[in-house]
1. Among the residues of segment 566-607 satisfying the criterion of being modelled with pLDDT under 75 and hydroxyl-bearing (Ser, Thr, Tyr), which is nearest to residue 397 (Cα to Cα)?
2. So how many residues does segment 174-232 have that are part of a helix (DSSP H, G or I), hydroxyl-bearing (Ser, Thr, Tyr) and farther than 30 Å from residue 612 by Cα?
3. With surrounded by fewer than 16 Cβ atoms within 10 Å (Cβ to Cβ) and either out of contact with any Gly (no Cβ under 6 Å at 6 or more places or on another chain) or of a type outside the set (Lys, Arg) (or both) as the only criterion, which of 186, 225 stands out?
4. For segment 168-182, name all the residues that are surrounded by fewer than 19 Cβ atoms within 10 Å (Cβ to Cβ) and modelled with pLDDT of 95 or more.
5. Given the residues 41, 23, 32, which is the only one that is without any contact (Cβ under 8 Å) to a residue 40 or more places away in the chain and either more than 30 Å from residue 155 (Cα to Cα) or not basic (Lys, Arg) (or both)?
6. Being in a helix (DSSP H, G or I) and under 15 Å from residue 63 (Cβ atoms) is the filter; apply it to segment 13-37 and report the residue that is nearest to the chain's Cα centre (by Cα).
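The values are calculated or read from the model by the stated rules, or taken from the named source; none is laboratory data. Note that the structure is predicted; figures quoted are calculated from it, not measured. Because the Cβ atoms are built from the backbone with ideal geometry, glycine has one as well, and the counts that use them run over all protein chains shown.
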Amino acid sequence: MAYFVTGATGFIGHNLVERLLVREGDIYVLVREGSEARLERLIKRWEGAHGAAVSERVHPVAGNLTLPLLGVDKQRIAELRGDINHFFHLAAVYDMTASEERNRNVNVGGTAEAVALAKALRAGCLHHVSSIAVAGDFKGVFREDMFDEGQHLPSPYHQTKFESERIVREQAKMPWRVYRPAVVVGDSRTGEMDKIDGPYYFFKAIQRMRRVLPQWLPLVGLDLGYTNIVPVDFVADGLDYIAHQPGLDRQAFHLTNPRSQRVSDAMNEFAKAAHAPHSAVSIDRRLAAPGLGVLTRLTGAPGVREARRALLGDFGIPEEVIEHIPLRPRFDTEATEQALAGSGIAVPPLSSYAGRLWDWWERHLDPDRLKERSLQAALNGRTVLITGASSGIGKATALKVAEAGGIPLLVARGVEKLEEVKLEIEAEGGSAYMYSADLSNLESIDELVAQILADHAAVDMLVNNAGRSIRRSVALSYDRFHDYERTIQLNYLGAVKLIMGLLPPMRARGSGHIVNISSIGVQTAPPRFSAYVASKAALDAFTRVASSEVIGDGVTFTTIHMPLVRTPMIAPTKMYDSFPAATPEEAADMVCEALRSKPKVINTRLGTFGEVAYALAPKAVDRILHTAYRVFPDSAAARGEKNVEERASAEQIAMATLMRGVHW
């Protein structure tokens, strides 16, 4: 017994080879230039499971799908002629985002040459791994004995999978069998997957939803129709088993779930696995059809099209994938079930292994797993101006920026503390520059900008971190209007003045990123912070307007709604000593993420929940916040009292812990 396998280093391919190694016989695998190292790694892995003899049984054959006879030289063909019992053709483009030319060259041209090579080798049986994509937009049940039913093929991928299967049916003169897998995900036993594909494109959106919304929050979703998901171990097991059963030639087998799953149900399984909120109710597409029709027409408008592309790109979802989420046809599996009868091979329920898939993605495929490396790529050699850099969040951010290879420009009033931060950075091998400025003084900001632009060719990024917080009720502020003036002067006018000074060179250069440290208070409106929250809300509003004007020039903004952080700014309120709060280092991680990935906003779950709650039930939120107003009184400092001992009560600590991060 001998096998020839194309696509053996691919996901389904290497799982199939593992099954073939359990059987007797040599396995010849087509390997294109550049994939040799991957095959070597796989062989070492197989040796761990099947012994050292694997290297004696798995034989690489140099070739390429785009060449005649797959690029296999004539001498090798002559050596193998008549010895190959099973020829497995798996090599193909399994990517909805691939170009039409690549799909055609590999899927159609490659299959034609695979058939020609199988003929030249006088292979016993040709096993062609096709796809349920051949059914296109067929309406109804697509049986295994169906092929050309006049169905619409909506994309180059669908078209080339159909054409490649037709080549096998019409040109293969030897016995053949066709296998049509559904949407293939990771191994149901281990979760292993080799790339982001299919439902994995939506995992980042689920992960972000988990970060900003509590798990128990019920969501309303849209019923997008049906999909069909199967784990790779089922596909490989089924392919191996059916290929070795007699009397099944010239048939197609659907390696699919006998029962299609609703897209919303599948996404809910992954949301549950991620401990994210999931849809409690799904709106029928027919009820939403008029609105969806309007949205479809709107997406053709240039501005909306760019916005849609940007939104999907933020989650790493290709536009091409969105169009083909729901599967119109259902798939009959009668022939497959008969062929697998008695084997014990069956599709496990998604609920039994969704957690393993999610765990594998989060540990191995999540793009954010390489944050440190990508932070270095984002910051290395770039100048990052950080205000309030002498302590707290600003200092912690400066240290992390320098560690990643960036050049922090340290700005604060106190020269001595700035010097300490600069020396600490230089002691670790980094470089930094320091500038003393009063950011509540507009003339001082003009001088700062002029000096920095004279000293440096460019300011690549700006972190507006310097700020002033005042915790005092309105009742105690009637004769303290200056609290509002000085807070707005630094938190809003000072930040905007600095932005206005740096925007022109950023726009002229075509790049720049500005991070504004806002507050969770803007989202939750806690009592006693009317001056502080108003100043931060003003900065938020400015940012939303300005960002839409300058994004076309390559300048972007991130607003961070920062939770309570244990810094010198909160020290006067002594009850905060007993409250849970983020460390400056944790806050700096949020800033660095803003510099790395440049999202529009960075929120906490509680902050987002506060926004949603206020939008839905503002009066109820007012009542809840009024309770907090009673529970958390003005501090002694706010009342103008000195040397008064303050301790947080059990009730205050409990509420602060329940709503961790909110400024009370």
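1. This residue is 567.
2. Summing the residues that are part of a helix (DSSP H, G or I), hydroxyl-bearing (Ser, Thr, Tyr) and farther than 30 Å from residue 612 by Cα in segment 174-232 gives 0.
3. The unique qualifying residue is 225.
4. 169, 170, 171, 174, 175
5. Exactly one of 41, 23, 32 is without any contact (Cβ under 8 Å) to a residue 40 or more places away in the chain and either more than 30 Å from residue 155 (Cα to Cα) or not basic (Lys, Arg) (or both), namely 41.
6. Looking at residues that are in a helix (DSSP H, G or I) and under 15 Å from residue 63 (Cβ atoms), I get 13.
Matching residues to (1) crowded, with 21+ Cβ neighbours inside 10 Å; (2) touching a helix residue (DSSP H, G or I) at 6+ places or on another chain (Cβ under 7 Å); (3) of a type in the set (Asp, Glu):
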| position | (1), (2), (3) |
| --- | --- |
| 207 | no, no, no |
| 214 | no, yes, no |
| 234 | yes, no, no |
| 249 | no, no, yes |
| 262 | no, no, no |
| 280 | no, no, no |
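Residues are listed down the side, and each one gets a yes or a no for (1) within 21 Å of residue 382 (Cα to Cα); (2) buried (at least 23 other Cβ atoms within 10 Å of the Cβ):
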position: 422; (1), (2): yes, no
position: 464; (1), (2): yes, yes
position: 481; (1), (2): no, no
position: 500; (1), (2): yes, no
position: 513; (1), (2): yes, no
